[in-house]
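Notes for the one structure printed next.
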Amino acid sequence: MDKKINLLFVDDEEQFLLSLSKQLEARDFHVIAVNRGEKALEVAEKEPIDVALVDLKMPGINGEETLKALKSAHEWMEIVILTGHGNIDSAVECTKSGAYCYLQKPCRIDELLEVLKDAYKKKVMNKNRIEEKKMNEMLRLSQSDSPRAILRRLKEIDKGAGD
Ligand SMILES: [Mg+2]
């Protein structure tokens, strides 16, 4: 069986959160649904998230702050913004902060699925690129003469690239 895409979905409208989560669960996604940005950041520390679907307006830390925090802690993760209060300014800001895509509610499920699957493909490529960088650096290190320096540097590379 194919691996499901691990989706972190954060939205403070709980009815919407639950009903869309159900629809996505029925279509190749493993959904972790939370109603606050703070909770989303906690989950992302513990779970191997592929893609995050993030509401913009939420109490506590908002969608844009959640996006920035997720991106800086998990550089390969792709984040899709889904908002009922969109405007050009926030779309531009979110894109600058690294959002993969910015969608307006209501959004057709087939359009959303396509965006989420494309975001997942990009995440896989991001991760491969990061892994390749790690491998190249390890290769260079193997030509170095101090086993201690190699070990130290390997630990740094491993930490820097996340899980
Ligand atoms: Mg909201």
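Structure summary
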| quantity | calculated |
| --- | --- |
| Overall form of the range 93-143 per C-alpha gyration tensor (a/c, 1.5; a/b vs b/c) | oblate |
| Top of Ser146, Ser97, Ser72 by mean-square fluctuation, Gaussian network on the chain, Cα under 10 Å | Ser146 |
| Per-q log10 I(q)/I(0), the chain, q = 0.10, 0.13, 0.16, 0.19 Å⁻¹ (Debye; single scatterer per alpha-carbon; no solvent) | -0.41, -0.63, -0.87, -1.15 |
| Check: the chain dipole with +1 on Lys, Arg Cβ and -1 on Asp, Glu Cβ, in debye | 700 debye |
| Highest-MSF residue in the chain out of Gln23, Gln143, Gln15 [GNM, Cα springs under 10 Å] | Gln143 |
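Only the coordinates and a few stated rules stand behind these numbers; no lab work does. From a predicted model like this one, the values you see are computed outputs, not experimental measurements. Here Cβ is always computed from backbone atoms with ideal geometry, including for glycine, and neighbour counts include all displayed protein chains.
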